[in-house]
Amino acid sequence: FDPRHCLGTHRCGFPKTGPRRLRFLLESVRDLRETLQKRGSTLVVRKGKPEDVVHDLITQLGSVSAVAFHEEVRE
């Protein structure tokens, strides 16, 4: 989770992620983790800037051959 998503937007100052959206995201991630665990896998969840968190995960895992991501579309 990128904490910057709870800050105001560059246009109107409204948060990108309000309380209802945040609750939906948390419930969705919890459900995904539970589903994966039932199938013998897991979900890594971290809070922080993605550029820092991904780097730290790669360092911890040590044998990463590829990383996939998407860039947020900005208007």
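Can we say residue 33 is open to solvent by 70 Å² or more (accessible area, probe 1.4 Å), modelled with pLDDT under 90 and of a type outside the set (A, V, I, L, M, F, W, C)?
It is false that residue 33 is open to solvent by 70 Å² or more (accessible area, probe 1.4 Å), modelled with pLDDT under 90 and of a type outside the set (A, V, I, L, M, F, W, C).
Could you list, in sequence order, all residues of region 45-75 that are in contact with a helix residue (DSSP H, G or I) (Cβ under 7 Å, 6 or more places away or on another chain) and over 22 Å from residue 16 (Cβ atoms)?
Answer for region 45-75, where residues must be in contact with a helix residue (DSSP H, G or I) (Cβ under 7 Å, 6 or more places away or on another chain) and over 22 Å from residue 16 (Cβ atoms): 64, 67.
Mind counting the residues in region 21-75 that are among the small types (Gly, Ala, Ser) and within 14 Å of the chain's Cα centre (by Cα)?
3
For region 43-56, enumerate the residues that are surrounded by fewer than 10 Cβ atoms within 10 Å (Cβ to Cβ) and at pLDDT 90 or above.
Within region 43-56, just 47 meets the criteria.
Quick check on region 1-20: of everything there that is assigned to a helix (DSSP H, G or I) and within 15 Å of the chain's Cα centre (by Cα), which residue is modelled with the lowest pLDDT?
So the residue we want is 6.
The values are calculated or read from the model by the stated rules, or taken from the named source; none is laboratory data. Please read all numbers here as calculations on a predicted model, not as lab measurements. No Cβ is skipped: glycine too gets one built from the backbone with ideal geometry, and neighbour counts run over all protein chains shown. Side chains included, ligands, DNA and RNA excluded: accessible areas come from the protein's heavy atoms. Shrake-Rupley method; radii C 1.70, N 1.55, O 1.52, S 1.80 Å.
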